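The values are calculated or read from the model by the stated rules, or taken from the named source; none is laboratory data. Predicted, not measured: the structure shown is a model, and the values here were computed from it. When we count neighbours, we look across all protein chains shown, and the Cβ atoms used for this are built from the backbone with ideal geometry, even at glycine. These area figures cover heavy atoms from the full protein model, side chains too; ligands, DNA and RNA do not enter into them. Shrake-Rupley method; radii C 1.70, N 1.55, O 1.52, S 1.80 Å.
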Amino acid sequence: MSNIVAKTGNEAMAEAMRQINPDVVAAYPITPATEIVQIFSTFVNDGKVDTIFVPTESEHSAISACIGAAAGGARVMTSTSSQGLALMHEILYITAGLRLPMVICEVNRALSAPINIHCDHSDTMGSRDAGWIQIFSEDSQEAYDQTILAMKISEELFFPVMVTTDGFIISHAMSRLEVFDDKEVQSYVGEHKTPYNVLDIDNPITVGSLVLQDYYMEIKTQQAHEMMKAKEKIKELYADFNKKMKRNYSIIEEYFMEDAEFAIVALGSTAGTARYLCEKLREKGEKVGVVKPRIFRPFFAPEMVAILENVKGIAVLDRSDMMSSTGGHLFNELKSSFYRNSKQPAMKDYIYGLGGRDITVGDIENVLKDIKDFSNSKETTPDVKYITVRE
Amino acid sequence: MTTIKDLANKGNLFTQGHRACAGCGGTVILRLLMAAAGKDTVVVGATGCMEVVSTIYPYTAWNVPFLHNAFENSAATASGVESAYRALLKRKKTDKKINFIAFGGDGGTYDIGIQSLSGAMERGHNLLYVCYDNGAYMNTGIQRSSATPMGSSTTTSPAGSVVKGKMQNRKDLTEIMVAHNLKYAAQASLSNWSDFVSKVEKALAVDGPTFINVLSPCPLGWGYDTSLSIELSRLAVETHFWPVYEYEDGKYKINIKPKQVKPLEDFLFKQARFKHLKNEPELVEEIKKSVEEKWNCLLQKESSCK
């Protein structure tokens, strides 16, 4: 049987979940992530997985049940999007604070109001400070591979991980997918082991204590330091995945960056559009490149600077806004990464695609023209531009 | 029948050293609960007095596995632990019998946690939920909840010159739980400790979700001397204010029927939260009427299910 299939992003993530065969999946439906748990529940009811499926009455309860299961030592997964992730918000911090491994298949969708079901990154960015590792996927293949990899990262590092795709653009778009054998996935993820769990009734532990002024600072500092250390471990785990699973992923994907004068930085599916444009422009001799961070949390700041410091201008594409008057999330991270760096390329934020507004090759070409003008001028502001907006 | 001696010999699964107030009803509930449940039990507690007083890091009063997640989700969290256990059973990684107990105060159960509780009960997880109902948000400083009895003065329903405390009747959570088609749901009172212990044993013997609502006297929130907690529990039962009953396999049974029903005032006026009602005879009559209606309704349910 061929290991090349055609699957949507949601189908690819559900397939990864089937092959991981987690102990517990607790979930609640929400567009455009619904299919993931819908497909997975058919795996459960057809006996294709051993998973206990907990169809909760809300996303809040879904992640709460996931915490209970993870504290019980189970391998745990769930899936959500948008308002669902926002409803989980309170518990996202608790998952990370309790250092419980867990993977969320998160499909990026705009947050209300106005209500909208299409892609932007507001939901995932809204949870960027919760202590989760956040991974973006450009297509079904990355979504599939990184879901499997995320399980490993989460269980090795005791950080919860969300793997994201772009709503409808990836979640509902059929594309080529190269799948592993079930056995390969099982052997890669291995057996889940926890040093302590609440189902070990002979060794009772208390999880979720009240921690006051005397210890809270130490515990949160430890968590922050572990996230710093996680960066090297994530790199190692990507390398390990490449070796074991015969893939070729880097934590930051660079495209034509060796001699690029202008760079586009984008997360998720838009990086593909930018890369296509880049190829066309390279044929005309234009020195442009694309940088696609796969991981937003933790943020690989020195690595991003090292890749980008030699260009003249950086166009950051942000599919979310912070409503702070200073641009979007990716831009703010990158801008602060360049603080006190000896080389300071011009940098401008282009906020695009909110609520699923289409972004075309032509739109990104306009962005490149604009960043060239901006970097040639002496201007430093305005450095935030909302693009593809009707006048 | 379980004796006090039997319970005492089971060891302290919920131990001394916690930070609860003198006279706290909640800790007595937990101690009896754990004595009845035994050591092979996982407990999930909602944010609230009992969680706060029992798990101040780096100490714990729990000699069984204890998990606290947040305020409104102890039932959902416990459903996750129970699911992890079922996953172990399915994969034949354990054959131990483990009890699962979730608890919360009335704020975490009647109010903010009712959705999570309803979901967990409907899904049929094998767990017992225990509500310690002290009739207000005591942990945050005595604010009204949907369990606060009518007429009660709380810090968000104070007895004022115009409005005389809480003007609404409390929600009947036990009946809401019965409506979830549970095999077992009950109300208990600390004055009848052996009834409570046997209810815990019954509930844990059921394969499926069960619920027990226990009246939890609170010296601070109710305003009475710390020596009177059990006395007030008894008066609550003897005045019909807190019926001690159970719903088992579709049948109601009122476990304690006071031979001589005491006037409701005997319960109300031992507590500062009701003392303003001494000048509100009409309101007292309304409360009495509602208490008796509930009691008669229970009697009817008991006889119609026979």
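With 0.36 nm allotted per residue and the present C-alpha distance subtracted, the A:ASP202-A:SER2 stretch has 67.2 nm of extension available. Model label points for B:THR155 and B:GLU201, set 7 angstrom from Cα along the Cα-to-Cβ axis, are 4.1 nm apart.
Counting only heavy atoms of the protein chains, get the accessible area per residue of region B:27-72 (1.4 Å probe) and round it to a whole Å² value.
Roughly 27 Å² per residue, with all protein chains present.
Of all lysines in the structure, the ones whose alpha carbon falls short of 22 Å from that of B:LYS10, not counting any fewer than 8 places away in one chain, are B:LYS39, B:LYS96, B:LYS97, B:LYS199, B:LYS202.
Rounded to the nearest 20, the size of the Cβ-charge dipole of chain A about its Cα centre is 720 debye, with Lys and Arg at +1 and Asp and Glu at -1. Quick check on chain A: take the gyration tensor over C-alpha atoms, sort the square-rooted eigenvalues as a ≥ b ≥ c, and tell me if it's rounded (a/c under 1.5), prolate or oblate. Because a/c hits 1.5 or more and a/b exceeds b/c, chain A counts as prolate.
The residues A:THR164, A:THR42, sorted by heavy-atom accessible surface at 1.4 Å with ligands and nucleic acids left out, run A:THR42, A:THR164 from largest to smallest.
Applied to region B:46-60, the Karplus parametrisation 6.51 cos²θ - 1.76 cosθ + 1.60 on θ = phi - 60° returns per-residue 3J(HN,Hα) values of 7, 4, x, 3, 5, 6, 5, 6, 9, 9, 6, 4, x, 10, 8 Hz, with x for Gly and Pro.
The length gained on full extension between B:ASP266 and B:ARG19, counted as 0.36 nm times the residue separation minus their Cα-Cα distance, comes to 85.9 nm. Entry note, chain A: relative contact order of 15 percent, from Cα contacts under 8 Å with a spacing of 6+ residues.
Taking a point 7 Å from the Cα of B:LYS171 along the Cα-to-Cβ direction, the residues of region B:13-54 with backbone N closer than 17 Å to it are B:46-48. In sequence order, region A:57-69 has phi-based couplings of 8, 6, 5, 4, 6, 4, 6, 5, 5, 4, 4, x, 5 Hz under the Karplus curve 6.51 cos²θ - 1.76 cosθ + 1.60, θ = phi - 60°, and Gly or Pro positions carry x. Take every pair of alpha-carbon atoms less than 8 Å apart whose residues are at least six positions apart; their mean separation over the length of region B:21-114 yields a relative contact order of 37 percent. Listed by chain and number, the lysines placed with their C-alpha closer than 20 angstrom to that of A:LYS48 are A:LYS7, A:LYS183, B:LYS90, B:LYS92, B:LYS93; residues fewer than eight positions away on the same chain are left out.
The mean sequence distance of close C-alpha pairs (under 8 Å, at least 6 residues apart), as a share of the length of region B:4-304, puts its relative contact order at 16 percent. Average accessible surface for chain A: 41 Å² per residue, computed with a 1.4 Å probe over protein heavy atoms with every protein chain in place. Note on B:LYS251 and B:GLU286: their simple-model spin labels are 3.9 nm apart, each label 7 Å out from Cα toward Cβ.
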